[in-house]
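> Dumping the structure here so I can ask a few things about it.
Throughout, read-outs are computed from the coordinates displayed, never taken from laboratory work. Just so you know, these numbers come straight off a predicted model, no measurement behind them. Here the Cβ is made from the backbone with ideal geometry for all residues, glycine too, and neighbour counts use every protein chain on show.
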Amino acid sequence: MKIIISPRAEKQLKKITKIDQIALARKIRLLGKSSQTLDEEKLAGFRNIYRIRVGSYRIVYKKTAKLVYVVLIGHRREIYQLLKHALK
């Protein structure tokens, strides 16, 4: 599967500490391989939008048959507010 990271998600990733960036990057790489080993959860109220946990951070992405599009990356306390504004 092909993985595309949105410019907004890249910007958010750069603001996070290096150790957390490494953990998030590893999970993002795993998204392209198999989602069955990940602890993904479908977000209610959205179509084909999923999230995975990485410590205190969340990766929100849209999944199709051949593509994973990372929409947002952020801390758990603010990611859902950002999601409401980003996907209107």
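> Assigning unit charges at the beta carbon (Lys, Arg +1; Asp, Glu -1) and nothing else, what dipole magnitude in debye, to the nearest 20, does segment 2-86 show about its Cα centre?
Details: 21 positive and 6 negative charges, 34 e Å.
Result for segment 2-86 is approximately 160 debye, rounded to the nearest 20.
> Still on this model: Test of understanding: extend the Cα→C-beta vector of L30 to 7 Å, then name every residue of segment 47-84 with backbone N under 13 Å from that spot.
52-55, 59
> Please identify which residues in segment 3-26 have an amide N closer than 12 Å to a label point set 7 Å out from the Cα of A86, following the Cα→Cβ vector.
5-14
> Let me ask you something else. What are the semi-axes of the equivalent ellipsoid for the chain, taken as the square roots of 5 times the Cα gyration tensor eigenvalues, largest first, in whole Å?
Details: eigenvalues 60, 52, 29 Å².
Those come to 17, 16, 12 Å.
> Within a Cβ distance under 10 Å of Y69, other residues only, what is the Lys/Arg minus Asp/Glu net charge? Each step should come with its number before you reach the end.
Details: positive: K2, K62, K63; negative: none.
After counting each charged neighbour, the total is +3.
> List the relative contact order of the chain as a percent without decimals, with contacts defined as Cα pairs under 8 Å and 6+ residues apart.
Values: 118 pairs, mean separation 27.9, N = 88.
After rounding, I find 32 percent.
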